Structures are given as structure tokens and as C-alpha cells.
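Okay, so here's the structure we're looking at.
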Number of protein chains: 2
Amino acid sequence: MTIPANALELRSKIADSTLTLSLEPVSLEEPGGDQVIVAMEAAPINPSDLGLLLGPADVSTMKSSGSADRPVLTFAIPEQALPTVAARQGESMPVGNEGAGKVIAAGPDAQHLMGRTVALFGGSTYATHRVARAKDVLPLPEGASARDGAAAFVNPLTALSMVETMRMEGHKALIHTAAASNLGQMLARICRDDNVPLIGVVRSDEQAAILRDLDVKYIADSSKDDFRKTLADACALVDATLAFDAVGGSLSGELVAAMETALTRDEPYNRYGSPRHKQVYVYGMLDRSPVQVPRSVGMSWSVSGYLLPHFLAKAGPEVNKAMRERVAAELTTTFASHFTSEVSLTEALDPDNLRAYAKMATGEKYLIVPQG
Amino acid sequence: MTIPANALELRSKIADSTLTLSLEPVSLEEPGGDQVIVAMEAAPINPSDLGLLLGPADVSTMKSSGSADRPVLTFAIPEQALPTVAARQGESMPVGNEGAGKVIAAGPDAQHLMGRTVALFGGSTYATHRVARAKDVLPLPEGASARDGAAAFVNPLTALSMVETMRMEGHKALIHTAAASNLGQMLARICRDDNVPLIGVVRSDEQAAILRDLDVKYIADSSKDDFRKTLADACALVDATLAFDAVGGSLSGELVAAMETALTRDEPYNRYGSPRHKQVYVYGMLDRSPVQVPRSVGMSWSVSGYLLPHFLAKAGPEVNKAMRERVAAELTTTFASHFTSEVSLTEALDPDNLRAYAKMATGEKYLIVPQG
């Protein structure tokens, strides 16, 4: 068993008003107990990675330095955004929520994983190597590549958790915004297979077409004049009282309002609105302005933050196990991710690529291939 | 048993863009089963009554007509507010959430209530008479007057429900806004007696003094420059993760932010914020602008509408019973209301009084005394 001497990982560090991205050496030790060393072969850039990678940095201020194999990028952080990153001042933080690769070294209690291709989750995956514990990796089924398994956690488990939440909280249908995203497409396939009524909120005809191809029956396009009516009509048809919102800002409140409109439409006036509880979970930040809820939505509503690890902790080990098994079984069907660009770890810090991540559009998806 | 022939009740009706307040005749029938007829002696004007009484009407457009004993007031409703009242167009609605009076007629199954002074809840209390079912009235203890019991439901039960919610949801302390209100003073007395840490948010030195007199230790004044720091410091001292907010607007989000600041202050940076769940219940609408939550509060938070009847339905009969018994036992101490003005039912529609309700300040409290 040879422990590589030249491992690198991508780091993000804020010092005063400067953000620095760089590749930093990591010293690896012989794995003990149930530890494994994974040679990372593939790690996606998810929207949820951008907060740590770029945060509030102004991409137009990017400066490039360092060497060809150890590039360094620096960015200015706008004055008014500094308080939001005060807590990470001076800390050099590893990046990358998930990825997959091959186990090249294993402790005495993890020998069964030697040579296996595994997926993992929980940070530091933009790296040549990543240390993990056996219980935290997902061995991929025979025939599945690291690329197939690179995005086996964040989007698949989040999509499944939405349907689980619907069941656990007694709702009958789901509204989802940014519904044509990679995650949204997974959710559409789950809802189709499980007969869950899904209302997809999109921003363009092109996105609507993606959802129609996945048999999504109810689609509301927020770029259209009749968006509110279309959404409320769909809510009435499926009795929607639950939404997952990747956007925030005023959209979160419009989702509550549409559900309330549908619930009160044919009812006698009640000054407190419908007594049916309406829940919006805000799990993304495509709009960074404050989440806004108008006062015309009655008194039975909640808007809440939503984070996959919190759901997993609440759901308990059986639900966790069932979800992971389903992901493994449907890795190349329901949960297949389509990547538009592959970049090496050094190319991941290419200025042009950074500019592309920052304005990541639906359908564009980067994969970092550190061993590529 | 004589059934009065000339009963009147206050009605609020919106037709097109005009709001009309008037006293309308009610025909009373011989009570059957467990019905009683209560001659109303006292009914408070609570903030929660103003929505139905005046709603979004422009008080500066008030016109007076009708006769001395059947006054009529009309108001214009601003164009932009019409959608918020679309559902009550054309409906003549009785007003008044609670009150107390004497049982003057009772059905065969409610004879034990004849002559008793009772408090009641649930609408139509701005009236000379109100029909109710025996199970829905609270017979007042010996020696308590209708004035003592007029406000025995809305504020006392809401204040008690806040402490119950804190216990049921596993929080350790309470934040309350508009904390020097009539309701706020009741809550302060409950928290003092039950040893519940309370943070009172107020808007002036005068309000802070009211709370200090009630032994409230943690007071944050939103009119001061150091409001955010004072509030976050208090949150840290009592480990606050729950707030009840009578205001809304941006204050709701500032409460979440203060709790989050306290929870993350001495912790290592976590880009998802503190995993501790922070809950704000918005139960009032002193600020009618949208409820706003900034994006710097992490991912573990909920902002929700809150309505007493929904809590009572969820809490179950035992909690309901215990709460009502405590209110009856402490009616003239913990739950004493102080009224600054008493008006008859016709005086309730006096233009000067209407103007006063509309800008009701903390400490001002009207009591309608229909038999007065």
C-alpha cells in the first residue's frame, strides 16, 4: 500500500476583504481502523458548492497568479458583504460537497473496500485524495464508474427527501421551483415513478419543455403574465400545501399565496384565511435578497430553511438506508446526472471556468476529474 | 323568560370600495337545547378586532350618517387594498372577538347558567345580545364582574399559549415583541411567576419602564442604535430559540438573525449556520408590509403564522381546560386588563372614537359596554 506524497486539495480562504482560491498540499498518513484513502476521480460543482467556493466575491475583480500546477486566484469581496463572511475570516476551508473515486489504501477494518469505487459526501472532495471512514462511503454497484457515482448524494438524496417530507408531514403533492435543474429532473422522475403530483415552476419555455419530456403535468412559468393564476389553478387541482423553493426572495411568498388562493377560492370568507397549513421549505439561494411573505396569506403557514443533513438526522437510520439503496439501484436511470464540462483540478481554477460557474445556468454542470 | 325584541349588533360590510359600519337589528328566538342568550355588558376592542372592524379602510375618508341610536359610518378603501378584501365583498360581518355579560335566557339543557355572568369568545360580541352554547361560555367566579371577564379569552389564552408552545416545542426562553402591550404585560406576569426567561422587545423608554416594573430582566428597545446587539446579547444569555412577534415586516427576520448571531458567536464557522432550530411565530400585523427574513440566518429556521384557535385545536382538551382554569383563577391578577375608555354601542361608532381605535397606541384600550 503506497500513500501518495503529493496530494493536493482546493482551498478557499477569506482574509480581510480578499478571497483566495488555491491548491494546497495535504499530508496523508497510513489509514487506521476503518479509514480509507480515496483517489478522487470525479466531483461535481453543485449550486450548493458555490457559496463556499466563491461566496460573495466579485468575480469581475479576479486576479490570477501562482504556477501552472499550483494556480492561485484572488477576488475582492464587496464591503457590504463582509459581515456575512465574518465568521470564516482567516480560516482556510476545503471545498466540494461530494464525489467518487477508488479506494487506494484502507485500515485494518476497511480492507473489504480496497480497490472499490465509492461515492462520498461531506466536504473536501475537490482534491486528489480524500480520507473517509468506511461507514461514510457508498460502494458503487458493479459496472458503475466514478463519474456515474460522483453526484450520488446531494441531488439524489435531496430529491428523495422532498418526497419523504411530503409523506411524513401528510401533504398530497409537491411544488418545486428551479424545477428543470439537475435536481429538479431527478425529482420529476421520482414523482412520475411514485405517482406523486408535482407542480414544476420554471422561468422559460425551454425549461418547461424539459419537464414536459419527463411527464410533468403541471408547469407554471414565472416569466409569463399569467404565472400566478396558472400556479394557483394547479395548486387547486392537486391540493398542494407543500413547496420546495431553490430561489427565495419574493418567490417563496408567492408560493404560499398561490396555495392559499387555491384553498380559499370557493370557500366563504374567513378573515384568518384557510386553516390548512401551508409549508414552504427554502433550500437554495438563487435569489439572495430577503425571503418575503405577503400578509394576505392567512395565518396557517410556515416558511423554513431546509438542509439535507438536518433532514437525514431527523429521518432516522431506516429511512436513510432505504434512500441510499434506492440511489444505488437507480444510479444510472432516475439519478443520472448529465455533465456538460469536465475539468482537472488545476483547470478548476482557470479564470474562464470560474466565470462560468459564477453564472451557472440551468443545464450547465461541471465535473472536476482530479485524476483525469 | 323574556326574549328582547330590539337586539342590535355592530356590522362591518364592504361593497365595492366602500366600508360601512352600522348597528343592525337581530331577531332572537327562544333558546333551545344548551343555548343561552347573553346580555352583553362589556367587550374589549383588541388589536385583533381592528382587521374586521376597519380593515384597510382609509379613516380620513370617514363619513357619518344614520340616526343618534342607529349611527352609520362609511369609509373609502384604497384601490390597491381591494384585492385583500375581495373575499368578503358584499358580506355583512358581525364584529367583536370576545366579551362578557349576563345569561338572561337559557334552553332546557343550560338552566344552570341562568343569571350567571359569563365570558365568551368567537365573534359577534359588539352587540346588545349574543347567543352561545353552554360549553362555549366561561362562567366567571363569584365576585367577578362582566368588566373583569370581558377580556378573559384572547389575550390571556394567547399569552398562556406562548408559554405552552415553548414547553411543547422544547425551547428554554421566549422573545416577545410589542412586549408592553396588554397581552405583553400578561405574558410578563406569567413568565415571572413560572420562572420563564423572557426577552421583551419594545419601542420606547416608556414601554421599557412598564416591563421593568413587571421584573422583566431582558429588554431590547428597537428605537435604540444598539438594538441588534442588545437583543443578540440577551438571546445568548437565555439561549433563546423562540420568538412571538406581533409586528411582522423586517422585525420577524431580525429576531431570527439575533438568535442566530447568539448561537454562532463563539462557534467555529459553519457555512450553513447553527444547526439549532430557530422559530418565529408571527401573530400580529402591526407592520402590514411583507414578513422579511434575511439570508444570513443559516438554514435552521422557521417563520410561521400563529393563530390562537389553531393552537387550541392542536393542544387538546386537557391543555385547554388547564389554561381556562388558570385564567378564571387569576382573572383579576395575572390577567387583569386596564381599560382607558368605556363607550356604549352607539358611541362605539362615534367618529372621534373610530379615529382613536385606528391609531391605538400601547396602553390605550377601549371597552364597549352595550348595556352601559
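The values are calculated or read from the model by the stated rules, or taken from the named source; none is laboratory data. Worth saying up front: this structure is predicted, and the values here are computed from it rather than measured. When we count neighbours, we look across all protein chains shown, and the Cβ atoms used for this are built from the backbone with ideal geometry, even at glycine. Side chains are part of the model used for accessible areas, which takes the heavy atoms of the whole protein and leaves out ligands, DNA and RNA. Shrake-Rupley method; radii C 1.70, N 1.55, O 1.52, S 1.80 Å.
Residues that are touching a helix residue (DSSP H, G or I) at 6+ places or on another chain (Cβ under 6 Å) and farther than 23 Å from residue A:301 by Cβ, at least 3 per element: which strands (runs of 3 or more DSSP E) completely within region B:152-252 meet that? I'd like the intermediate steps shown before the answer.
On the way: elements: B:174-177, B:198-202, B:218-221, B:242-245.
Here the list reads B:198-202, B:218-221.
Among the criteria (1) more than 7 Å from chain B (Cβ to nearest Cβ); (2) under 23 Å from residue A:198 (Cβ atoms); (3) open to solvent by 10 Å² or more (accessible area, probe 1.4 Å), the one residue A:316 does not fulfil is (2). Of all the criteria given as (1) surrounded by fewer than 22 Cβ atoms within 10 Å (Cβ to Cβ); (2) more than 17 Å from the chain's Cα centre (by Cα), the one not satisfied by residue B:216 is (1).
Note on region A:235-246: among residues that are out of contact with any Phe, Trp or Tyr (no Cβ under 9 Å at 6 or more places or on another chain) and open to solvent by 30 Å² or more (accessible area, probe 1.4 Å), the one that is farthest from the other protein chains (Cβ to nearest Cβ) is A:239.
Just to be sure before I move on: is residue B:173 crowded, with 20+ Cβ neighbours inside 10 Å, on the phi > 0 side of the Ramachandran plot and not assigned by TED's automatic domain parsing to the domain that holds residue B:343 in the structure I sent?
Spelling it out, it is not the case that residue B:173 is crowded, with 20+ Cβ neighbours inside 10 Å, on the phi > 0 side of the Ramachandran plot and not assigned by TED's automatic domain parsing to the domain that holds residue B:343.
If you filter region B:48-63 down to residues that are of a type outside the set (A, V, I, L, M, F, W, C) and more than 14 Å from chain A (Cβ to nearest Cβ), you find that the one that is most open to solvent (accessible area, probe 1.4 Å) is B:63.
Considering B:66, B:90, B:107, which residue is on the phi > 0 side of the Ramachandran plot, more than 14 Å from chain A (Cβ to nearest Cβ) and not aromatic (Phe, Trp, Tyr)?
Numbers: B:90 fails: more than 14 Å from chain A (Cβ to nearest Cβ); B:107 fails: on the phi > 0 side of the Ramachandran plot.
Being on the phi > 0 side of the Ramachandran plot, more than 14 Å from chain A (Cβ to nearest Cβ) and not aromatic (Phe, Trp, Tyr) holds for just one of B:66, B:90, B:107, which is B:66.
Quick check on region A:259-274. Is at least one of its residues within 28 Å of residue B:260 (Cβ to Cβ), buried (at least 17 other Cβ atoms within 10 Å of the Cβ), within 8 Å of chain B (Cβ to nearest Cβ) and touching a helix residue (DSSP H, G or I) at 6+ places or on another chain (Cβ under 9 Å)?
Initially, region A:259-274 is screened for residues within 28 Å of residue B:260 (Cβ to Cβ), giving A:259-260.
If we keep only those that are buried (at least 17 other Cβ atoms within 10 Å of the Cβ) too, we end up with A:259-260.
Filter once more, so that each one left must be within 8 Å of chain B (Cβ to nearest Cβ): none.
Taking every residue of region A:259-274 in turn, none turns out to be within 28 Å of residue B:260 (Cβ to Cβ), buried (at least 17 other Cβ atoms within 10 Å of the Cβ), within 8 Å of chain B (Cβ to nearest Cβ) and touching a helix residue (DSSP H, G or I) at 6+ places or on another chain (Cβ under 9 Å).
If you go through region B:167-174 one residue at a time, do you hit one that is touching a Cys at 6+ places or on another chain (Cβ under 7 Å) and within 20 Å of residue B:280 (Cα to Cα)? There is at least one residue in region B:167-174 that is touching a Cys at 6+ places or on another chain (Cβ under 7 Å) and within 20 Å of residue B:280 (Cα to Cα). For region B:279-300, the set of residues classified as open to solvent by 10 Å² or more (accessible area, probe 1.4 Å) and either part of a strand (DSSP E or B) or facing chain A (nearest Cβ under 7 Å) (or both) consists of B:279, B:281, B:285, B:288, B:290, B:292, B:294, B:295, B:296, B:298, B:299, listed by residue number. Among the criteria (1) more than 25 Å from the chain's Cα centre (by Cα); (2) within 24 Å of residue A:269 (Cβ to Cβ); (3) in contact (Cβ under 8 Å) with a residue 40 or more places away in the chain, the one residue B:27 does not fulfil is (3).
On inspection, residue B:328 qualifies as outside any loop (DSSP other than H, G, I, E, B), open to solvent by less than 70 Å² (accessible area, probe 1.4 Å) and over 27 Å from residue A:270 (Cα atoms).
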